[in-house]
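Asks: What follows is a single structure, and I will ask about it in a moment.
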């Protein structure tokens, strides 16, 4: 399988790291560049921080610092690149499918491909809303209606009472049940 995802993240790496007091376990310039590269690759702040053995909270703290404008801009560019990569992978999944292994007697004997139709409809609805989108949605809602809001027609009061009375009267059978015999303990 070829890697067709573009890996050019040079604009994101071309930034001036935020100067910090040197600590052996701190956010050095090399760690900042490695974090931005990992963020562009993964699209996740937590995964990128874990990859360079730093905390995500520390990365957010570094981004909030006054004077870290270059780091913030690189963060944004790397996150856009990572999210575009995830979008490309999500579009490939309904087209190419996902391999699912087939096991027989504890050994893998093959695999089959499953295709996610819901993901495909989500992508089509997002990219082509005029054709596949919100035709079923009411104005100002975000969810499809799950059932009809129309009430069933009302029945006459006498019919309701008779139905209620029918539910209350027990059903009597003409046959007698045999006594239940329990097995010995």
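Asks: If each residue's Cβ is checked for other Cβ atoms within 10 Å, how do 126, 24 rank with the fewest at the top?
Replies: On the way: 126 11, 24 5.
Least crowded to most crowded, the residues run 24, 126.
Asks: Separate question: Determine, for 109, 45, the number of other Cβ atoms within 10 Å of each Cβ, and report the residues in order from fewest to most.
Replies: Working: 109 9, 45 20.
With the fewest neighbours first, 109, 45 line up as 109, 45.
Asks: Work out the FRET efficiency for residue 118 and residue 50 from their Cβ-Cβ distance, taking R0 = 35 Å, and round it to the nearest 0.05.
Replies: 0.70
Asks: Computed over the Cα atoms of segment 10-86, what is the convex hull's projected area averaged over all directions, in nm²? Mind dumping the intermediate values first?
Replies: Values: hull surface 17.7 nm².
The orientation-averaged projected area of the Cα hull of segment 10-86 comes to 4.4 nm².
Asks: Need the full-extension length gain, residue 29 to residue 104, defined as separation in residues times 0.36 nm minus the C-alpha distance. One decimal, nm. Let's see the in-between values first.
Replies: On the way: separation 75, 0.36 × 75 = 27.00 nm, distance 5.23 nm.
Additional length available on full extension: 21.8 nm.
Each value in this text was obtained by applying a stated rule to the coordinates, not by laboratory testing. Since this is a predicted model, take the numbers as computed values, not measurements. When we count neighbours, we look across all protein chains shown, and the Cβ atoms used for this are built from the backbone with ideal geometry, even at glycine.
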